[in-house]
Amino acid sequence: MRKLLLLALALLPLFPAGAIQPAPPKRAFHREFLANLKDVEGKLEQLAEAVPTEKYSWRPAEGVRSISEVYTHIAGSNYFLVTFLGKPAPMDMPKDIEKITEKAKVLAELSRSFDHVRAAATTASDADLEKAVNMFGTNTTQRAVLVTILNHLHEHLGQSIAYARMNGVAPPWSKE
């Protein structure tokens, strides 16, 4: 035992501090992405549910998306952005998704689009995340596509919170 300890101490100068790093945990990005996706999905769906049906056509100004259009834009963008991962949108995706105005259909399509994103992220391997893609004229990776999806979702969560509050609806999770 003493000889082994002496050997280890003798070899220590060959390995400067920080040179030996543990391998990152496999699928760590997937876990973090899916946890963030679940959080933003839950908030968007809670808020979409809390807004009264008659307010779905409300818009803050002419030429600006209505409440229903924001949620259907999110759904359509979820389907579209996943195509950069090589996953096509569902064959039965509504062609004019942003024209859906009925609350129940908006909620259903929003939920279905999150399932589509989750499936694409879950099936992507760690190696897939490093694959190069061209997104909107920029060379990037599949990992960056997933980050872009989260950024887009959070942007519209903020917009949805503002729309809801302008209509007297507080985000359900903020009441706790």
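What the table shows:
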quantity: Pairs from K55/K87; K43/K99; K105/K131; K38/K131; K95/K131 whose Cα-Cα separation, in the structure shown, is over 26 Å; calculated: K55/K87; K105/K131; K95/K131
quantity: Pairwise FRET efficiency - R31 versus R112, Cβ, R0 = 25 Å, nearest 0.05; calculated: 0.60
quantity: Exposure proxy order (Cβ contacts within 10 Å, fewest to most) of T83, T148, T72; calculated: T83, T148, T72
quantity: Ranked W173, W58, criterion: other C-beta atoms within 10 Å, fewest first; calculated: W173, W58
quantity: The stretch 29-175, Cα convex hull volume normalised per residue, Å³; calculated: 108
quantity: Net lengthening on full extension, W58/H154 (0.36 nm per residue, minus Cα-Cα); calculated: 32.5 nm
quantity: The stretch 49-63 residues near the modelled T101 label - backbone nitrogen below 17 Å, point 7 Å along Cα→Cβ; calculated: 52-63
quantity: Spin-label model distance (nm) - A119 vs A132, 7 Å beyond Cα toward Cβ; calculated: 3.0
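Bear in mind these aren't lab numbers, they're just calculated from the coordinates by the rules spelled out. Predicted model, so just to flag it, every value in this text is computed and none were measured. Cβ atoms come from the backbone with ideal geometry, glycine included; neighbour counts cover every protein chain shown.
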